[in-house]
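Take a look at the structure set out below.
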Ligand code: TMP
């Protein structure tokens, strides 16, 4: 795919997005990375999408009854949630020179709504018109069957409507097609510590020159 050119944030902070199917361990990895960075004196904002705002809450309600909205309406909700997130959380934090770690960003919309029959390149363009391009996208990869196994075992939950096996295989296929110099694919198999070492190796070059090393 031809890399597009979203607006630079023009801000002194750093934006790092964690992406991947559910069960890849994104939230544990964000928690660990945030703790490591804070231990080094780096000011970190850890955040997530869908957010806990008005649109995020409506999206969570969809998890149970996804067929109550069209795929276009679903896309519109994720984009509206992101607009708020960018304006109210991400841009202010970047302007204040924070390192922002977001659990999901617009690549999730490309992958999940793309897997639902929408054009993922259109989705990328639509988002890149208003959302700053991340300095780094860490795309955690595990096989779909392993993701589903972890959801059932670790969370004690049944997979929700975003988590059917065929659907997730299509999500992975879109993630696999994403290209860009800022995207780093990380093997999500292995222990939490092993994956954390891979995450740190990808993040370190970005932080070099920003003060204390990680
Ligand atoms: P999570 O809060 O457990 O990560 O779940 C969010 C779910 O919403 C996950 O299955 C992926 C899905 N999702 C989309 O379909 N599009 C999006 O743009 C985002 C941010 C999440």
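The values are calculated or read from the model by the stated rules, or taken from the named source; none is laboratory data. Predicted, not measured: the structure shown is a model, and the values here were computed from it. A quick note on method: Cβ atoms are made from the backbone with ideal geometry, for glycine too, and the neighbour counts reach across all protein chains shown.
The residues of segment 23-42 that are surrounded by fewer than 18 Cβ atoms within 10 Å (Cβ to Cβ) and out of contact with any strand residue (DSSP E or B) (no Cβ under 7 Å at 6 or more places or on another chain), listed by number, are 28, 31, 32, 35, 36, 39, 40, 41.
Cβ-Cβ under 8 Å, sequence separation 6+ or interchain: first residue in segment 52-63 and touching a residue at least 12 places away in the same chain (Cβ under 8 Å), partner away from the ligand (no atom under 12 Å from the Cβ) and part of a helix (DSSP H, G or I). Which pairs? These pairs meet every condition: 53/84; 53/88; 54/84; 55/84; 62/68. Screening residue 167 against (1) at pLDDT 95 or above; (2) out of contact with any helix residue (DSSP H, G or I) (no Cβ under 7 Å at 6 or more places or on another chain); (3) within 30 Å of residue 69 (Cα to Cα) leaves a single unmet condition, (1). Select from segment 18-40 the residues that are under 16 Å from residue 198 (Cβ atoms), touching a helix residue (DSSP H, G or I) at 6+ places or on another chain (Cβ under 8 Å) and either within 11 Å of the ligand (Cβ to nearest atom) or part of a loop (DSSP other than H, G, I, E, B) (or both) and list them in ascending order. 18, 19, 20, 24, 25, listed by residue number. Here residue 51 fits the description: within 10 Å of the ligand (Cβ to nearest atom) and within 28 Å of residue 172 (Cβ to Cβ).
In summary, helices (runs of 4 or more DSSP H) completely within segment 55-124 and bearing 1 or more residues that are modelled with pLDDT of 95 or more, over 18 Å from the mean Cα position of the chain (by Cα) and closer than 25 Å to residue 206 by Cα occur at 91-95.
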